[in-house]
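J.: Structure incoming, see below.
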Amino acid sequence: MRFLKKNKLVSVIFLALILGIITGYWINIYYTKIENSVLKDIADKSIRDSIHKDFREIKENVAAQFSLLSDIFLRLIKMIIAPLVISILISGIGKMENVATLGRIGIKTLVYFYVMTFIALLLGLISVNFFQPGTKMQIELAQSSAIPISNKGFDAHEFITHVIPDSIFNALAKNEILPIVIFAVIFGIAAGSINKGKIIFEFSESLSEVMFKVTNYVMYVAPLGVFGSITAVVIKQGIDVLLGYIYLIAVFYATLLFFACVILGIVCWIYKINFKALLKVLYEPILLAFSTASSEAAMPSTIDALKKFGIREKIVGFVLPLGYSFNLDGSITYMTFATVFIAQVYHIHMSIADQINMMLILLLSSKGIAGVPRASLVIIAGMLSYFHIPTEGLLLLLAIDQVLDMGRSATNVLGNAVASAIIDKSEK
């Protein structure tokens, strides 16, 4: 725990995480005891179900009050994302020697992203086939079609219209990272081609410095956001609910840890990057992403940490925003893992050919989900439909999606940080 003493904010965030679990558990137990005492003398099943539903709604309402804290923090973070991304990207382009340098870095970055995407997809398949978590689930699934997720697959037209903004102000308002990146790159290249463009780059650099200062202020609210988020989850789901999923959670987290520590560690070793030192500067954004189940929440602090690590601003400003659209390693690993898991639950055999086919489809379709809420589940639903696996199986994952998303978000942050370090090293 030495690292916690060195950083007061991380210490307070960690304390908020523990307090949130304790508070949520206590409130959950309190209402559960009241519910049990009410149900004790009632034999009629329909009345018992009605009372149980009422108490579930009460818990959800109480949880919603705590969620306000996390909503405030996440809204503050989202408020600074767009101006921060566009300012560091334009100022980063201003530091590029020429357009050829920008093109070279762009190609390197995309090639790296696709290689890591392939590895992440393959790792998800190997893990779910080896450990067979779906065979351990003894759950009767309700055959309901009321799943709040579209099961539409990859749509090329929709992807293109999402990537190329019809209005930069609309993209800024919605915090759509990829359209902002496209506009900033074109704008930055245009500014670099004229003599007066220097003013634009100086303004962008000043704006990015101001936004980092704003980020420091916003981070003081982080412990409250973490406390509210964790408390709300435990109130609604309780700790006992997770026990039935313990094997699934353990296997998935072990898979993410293998990717984060072994695969990314080997990649850093190949490029002679000090992986331990990188982890040390990233512990705050990783903990923040894990606690809030949001990679986006950790983006400003990740940028700051990478600059402290010595990665040049022009690389961080270009690679990291692009990574949030093309290189979500944790989410990508989850896509193959979750699809085969649901097939296992329904005792549906997916042949090696089917799984290779799925991996190749995801290699392309996973790049078209930037800015889509619950993006991983959207793509998984499309895969289930494609391979004729009941989409009702998603209900199993929705029950613990918040818990799984915490690990995915932390892995996404580390994956993009390593990508920035790799590209920076290759340029040196």
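Throughout, read-outs are computed from the coordinates displayed, never taken from laboratory work. Remember, it's a predicted structure, so these values are computed and weren't measured experimentally. Cβ placement follows ideal geometry from the backbone for every residue including glycine, while neighbour counts extend to all protein chains displayed.
J.: So, in nm, how far is label ILE51 from label ILE107 when the simple model puts each one 7 Å beyond its Cα toward the Cβ?
T.: 7.1 nm
J.: Using only alpha-carbon positions, what ratio does the radius of gyration of the range 203-311 give when scaled by 2.2 N^0.38 Å?
T.: The value comes to 1.32.
J.: Obtain the radius of gyration and the Kirkwood radius of the range 298-350 from its C-alpha atoms and give Rg over Rh.
T.: Dividing the radius of gyration by the Kirkwood radius yields 1.29.
J.: Evaluate E = 1/(1 + (r/R0)^6) for SER426 and GLN402, where r is the Cβ-Cβ distance and R0 equals 51 Å; express this FRET efficiency to the nearest 0.05.
T.: 0.90
J.: If you rank TYR346, TYR253 by fewest surrounding Cβ atoms within 10 Å, what's the result?
T.: TYR346, TYR253
J.: Still on this structure, I have one more. Just want to confirm a number: the relative contact order over the range 12-427, from Cα pairs under 8 angstrom separated by 6+ residues, in percent.
T.: 32 percent
J.: Using r as the Cβ-Cβ distance of VAL115 and ASN195, and R0 as 51 Å, what FRET efficiency do you calculate, to the nearest 0.05?
T.: 0.80
J.: Let me ask something else. How much length is gained if the chain between VAL262 and TYR283 is pulled fully straight, taking 0.36 nm per residue apart and subtracting their Cα-Cα distance, in nm to one decimal?
T.: 5.8 nm
J.: For the pair TYR220 and ASP71, how long in nm is the line joining their label points, each one 7 Å along Cα→Cβ?
T.: So the label points at TYR220 and ASP71 sit 2.4 nm apart.
J.: Distances longer than 42 Å among the Cα atoms of the range 12-427: what percent of all pairs is that?
T.: That fraction is 16 percent.
J.: Same structure again: Determine the alpha carbon to alpha carbon distance for each of LYS136/LYS236; LYS174/LYS314; LYS78/LYS108; LYS280/LYS308 and list only those over 18 Å.
T.: Listed pairs above 18 Å: LYS136/LYS236; LYS174/LYS314; LYS78/LYS108.
J.: Mind checking the full-extension length gain between ASN170 and LEU363? Use 0.36 nm per residue of separation minus the Cα-Cα distance, one decimal, nm.
T.: So the chain would gain 66.6 nm between ASN170 and LEU363.
J.: Give the order of GLU35, GLU209 when sorted by the count of other beta carbons within 10 angstrom, beginning with the fewest.
T.: Going from least to most buried by this count: GLU209, GLU35.
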